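Engineer: Quick one: structure below, then a few questions.
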Amino acid sequence: MVSDKLYRVQKKDLPKLEQLLSRCFADDPLYHTLIPDPDVRKRLLPELFHCDMDEFYATCEIFSENEQLQGVLVVSDEAEPYNIFQYYFSQAIAALQTDTYLILEDPSLKTFRNFIKGEQYLNASWTHRLHQDQRLHVVYLAVDPVVQHHGIAAFLMNEVIDYARRHKMMISLETHNEKNLEFYQKFGFQVFDVLEKNFSLKQYCLIRPCEEDAHERKRC
């Protein structure tokens, strides 16, 4: 995905985004479920997002509304060719770093076991059932809590939709917060499935069909 309206995040911006994501997801149901201890969660989130940002900087596109970095959008363009060795190497490094942080911050291994049990909440494996590579997957869409409800999330999402519309692409994403459903449904997203496995936590798997599908009423 490319955009001439959004700021393309640079390597130097990643530490600021790691802190931004830590604030945005501090109360997210996913992390409250996988990391129930609040002290462990406070220590772990910046480290986990550090791993994520390193991986996604190598394998995805990361945007913000501008250089102020009050919002973040991480998109995986499934239609783009990629270096398979770089992709799996980045994933392996991120997984190793994540496991190390999980064990160091919670030597009881409870958090580590939770992440293993909750793997399907974390790996977007449900998208394989879409059988669609002409697709954008929104990995993260988040806005700093202090500036939410000022249109930043809508601005970022509209750019994704505009790109998908011009390239006749489906968009997929997931959320673990039922309160977010109304926001996404306003942009034409539909609930494809609801995952609930090993935890009393629901993951809402959402898709926005490509424009051809919306008109012809058939899936890409």
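The values are calculated or read from the model by the stated rules, or taken from the named source; none is laboratory data. In this text, all values refer to a predicted model and were calculated from it rather than measured experimentally. Glycine gets a Cβ as well: all are built from the backbone with ideal geometry, and neighbour counts include every protein chain shown. These area figures cover heavy atoms from the full protein model, side chains too; ligands, DNA and RNA do not enter into them. Shrake-Rupley method; radii C 1.70, N 1.55, O 1.52, S 1.80 Å.
Engineer: In the stretch 122-132, which residue that is modelled with pLDDT under 95 and surrounded by 13 or more Cβ atoms within 10 Å (Cβ to Cβ) is farthest from Tyr31 (Cα to Cα)?
Structural biologist: Per the stated criteria, the residue is Gln132.
Engineer: Can you say whether Gln148 is out of contact with any strand residue (DSSP E or B) (no Cβ under 6 Å at 6 or more places or on another chain), surrounded by 14 or more Cβ atoms within 10 Å (Cβ to Cβ) and at pLDDT below 95, as far as the supplied structure shows?
Structural biologist: Working: out of contact with any strand residue (DSSP E or B) (no Cβ under 6 Å at 6 or more places or on another chain): yes; surrounded by 14 or more Cβ atoms within 10 Å (Cβ to Cβ): yes; at pLDDT below 95: yes.
It is true that Gln148 is out of contact with any strand residue (DSSP E or B) (no Cβ under 6 Å at 6 or more places or on another chain), surrounded by 14 or more Cβ atoms within 10 Å (Cβ to Cβ) and at pLDDT below 95.
Engineer: For the stretch 1-35, give me each residue that is within 23 Å of Ile116 (Cβ to Cβ) and either among the hydroxyl-bearing types (Ser, Thr, Tyr) or in contact with a Ser or Thr (Cβ under 8 Å, 6 or more places away or on another chain) (or both).
Structural biologist: Selection gives Ser22, Tyr31, Thr33, Leu34, Ile35.
Engineer: Only one of these conditions is not met by Ser108: (1) under 22 Å from Asn198 (Cα atoms); (2) of a type outside the set (A, V, I, L, M, F, W, C); (3) assigned to a helix (DSSP H, G or I). Which number is it?
Structural biologist: Status for Ser108: all satisfied but (3).
Engineer: Looking at the stretch 10-101, what helices (runs of 4 or more DSSP H) fall wholly within it and have at least 1 residues that are β-branched (Val, Ile, Thr) and open to solvent by less than 60 Å² (accessible area, probe 1.4 Å)?
Structural biologist: Details: elements: 14-24, 29-34, 38-59.
Per the criteria, 29-34, 38-59.
Engineer: Moving to a separate point now. Just one of (1) without any contact (Cβ under 8 Å) to a residue 40 or more places away in the chain; (2) touching a helix residue (DSSP H, G or I) at 6+ places or on another chain (Cβ under 7 Å); (3) more than 27 Å from Asp133 (Cα to Cα) trips up Lys11, so point out which.
Structural biologist: (1)
Yes/no matrix, rows are residues, columns are (1) over 21 Å from Leu30 (Cβ atoms); (2) free of Cβ contacts under 8 Å to residues at least 24 places away in the same chain; (3) in contact with a Lys or Arg (Cβ under 7 Å, 6 or more places away or on another chain):
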| position | (1), (2), (3) |
| --- | --- |
| Tyr163 | yes, no, no |
| Ile171 | no, no, yes |
| Phe192 | no, no, no |
| Asn198 | no, no, yes |
| Leu201 | no, no, no |
| Glu211 | yes, no, yes |
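Engineer: For His167, are the conditions met, namely being in contact (Cβ under 8 Å) with a residue 12 or more places away in the chain and farther than 21 Å from Trp126 by Cα?
Structural biologist: Working: in contact (Cβ under 8 Å) with a residue 12 or more places away in the chain: yes; farther than 21 Å from Trp126 by Cα: yes.
Judged against the criteria, His167 is a match.
Matching residues to (1) of a type in the set (D, E, K, R); (2) modelled with pLDDT under 95; (3) surrounded by fewer than 13 Cβ atoms within 10 Å (Cβ to Cβ):
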{"site": "Ser172", "(1), (2), (3)": "no, no, no"}
{"site": "Tyr184", "(1), (2), (3)": "no, no, no"}
{"site": "Gln190", "(1), (2), (3)": "no, no, yes"}
{"site": "Tyr204", "(1), (2), (3)": "no, no, no"}
{"site": "Glu211", "(1), (2), (3)": "yes, yes, no"}
{"site": "Arg217", "(1), (2), (3)": "yes, yes, yes"}
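Engineer: I'd like the full set of residues that are modelled with pLDDT under 85 and among the hydroxyl-bearing types (Ser, Thr, Tyr), limited to the stretch 74-91. Write out each step before concluding.
Structural biologist: We begin by selecting, within the stretch 74-91, every residue modelled with pLDDT under 85; these are 80-91.
Within the stretch 74-91, Tyr82, Tyr87, Tyr88, Ser90 meet the criteria.
Engineer: Tally up the residues in the stretch 105-115 that are among the hydrophobic types (A, V, I, L, M, F, W, C) and either at pLDDT below 95 or surrounded by 13 or more Cβ atoms within 10 Å (Cβ to Cβ) (or both), please. Can you show your working first?
Structural biologist: Restricting attention to the stretch 105-115, the residues satisfying the condition of being among the hydrophobic types (A, V, I, L, M, F, W, C) are 109, 112, 115.
Still in the running and either at pLDDT below 95 or surrounded by 13 or more Cβ atoms within 10 Å (Cβ to Cβ) (or both): 112, 115.
Summing the residues that are among the hydrophobic types (A, V, I, L, M, F, W, C) and either at pLDDT below 95 or surrounded by 13 or more Cβ atoms within 10 Å (Cβ to Cβ) (or both) in the stretch 105-115 gives 2.
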